[in-house]
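First the structure, in the form of structure tokens, and then the observations on it.
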Amino acid sequence: MDAKKFTVFLRYIYKIVLMVVLLPMTEWVVMGQNVNRPIETELSFPRDISSPNVNFNLQSTGNKKFRITLDRKTPQLTDVKIYDILGNLILHDKIRPEDGIHKYYDFSHISSKLFVVEVGNSKYNKTKSIYADPQGSRDTDKNTLER
């Protein structure tokens, strides 16, 4: 065999070896991307998806005191979160079915008079704010009394 034919033969062998080595790798990569996944054939929803909206009213009952009144008695626990005007959580409470539809709160120990009240259940939340200073009442400032 002369040198020219031998070089062509080596190139041919090199290509075959390269194909033998790389072919299983490409099949492995393709097979690795083929992932069997179960196909969803039905939809499922939670049983309590239609749980009722929570409606409530706020009424000031005194200086830094107010009452939450639910529209109707709920069979489950109702969360109550009360925040001050700065967004600090003051109280996290629950209204139980045996508590009825009214719940009273007294925050006379807190300096804020404006409160944000969030009432809800596992599905719905409503937020309202109240200025807990009844109409006609006024805080008197010591400086005004001295004049």
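Here, each number is a calculation from the coordinates, and none is a lab measurement. Small disclaimer: the values here were computed from a predicted structure and weren't measured. Note: ideal-geometry Cβ built from the backbone for every residue, glycine included; neighbour counts use all protein chains shown.
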Item checked: Estimated vicinal HN-Hα couplings, Hz - segment 81-86 in sequence order (Karplus 6.51, -1.76, 1.60; Gly, Pro = x) -> 10, 10, 10, 7, 5, 7
Next item on the list: For LYS15 paired with THR74, estimate the spin-label separation in nm (one decimal), with each label point 7 Å from Cα along the Cα-to-Cβ line.
Entry: 7.6
Checklist line | Contour excess over end-to-end distance, with Cα ends at VAL8 and LYS81 and 0.36 nm allotted per residue | finding: 17.9 nm
Notebook entry, point to check: At what distance in nm do the modelled label points of ASN57 and ILE101 sit from each other, each positioned 7 Å from its Cα along Cα→Cβ?
Noted result: 0.9
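Compute, for segment 59-130, the length of the dipole vector about the Cα centre, with Cβ point charges of +1 (Lys, Arg) and -1 (Asp, Glu) only. Units Debye, rounded to 20.
Values: 13 positive and 8 negative charges, 34 e Å.
Roughly 160 debye for segment 59-130.
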Check: By per-residue mean of other Cβ atoms within 10 Å, what is the highest-first order of 4-15, 78-89?
Finding: 78-89, 4-15
Note to self: Give me a comma-separated list of calculated 3J(HN,Hα) values for segment 109-116, in order, Karplus coefficients 6.51, -1.76, 1.60 applied at θ = phi - 60°, integers in Hz, x for any Gly or Pro.
What the structure shows: 7, 10, 6, 6, 10, 9, 10, 10
Next item on the list: Apply the Karplus parameterisation 6.51 cos²θ - 1.76 cosθ + 1.60, with θ equal to phi minus 60°, to every residue of segment 8-20 and state each ³J(HN,Hα) to the nearest whole Hz, in sequence, with x for glycine and proline.
Entry: 4, 4, 5, 5, 5, 4, 4, 5, 5, 4, 4, 5, 5
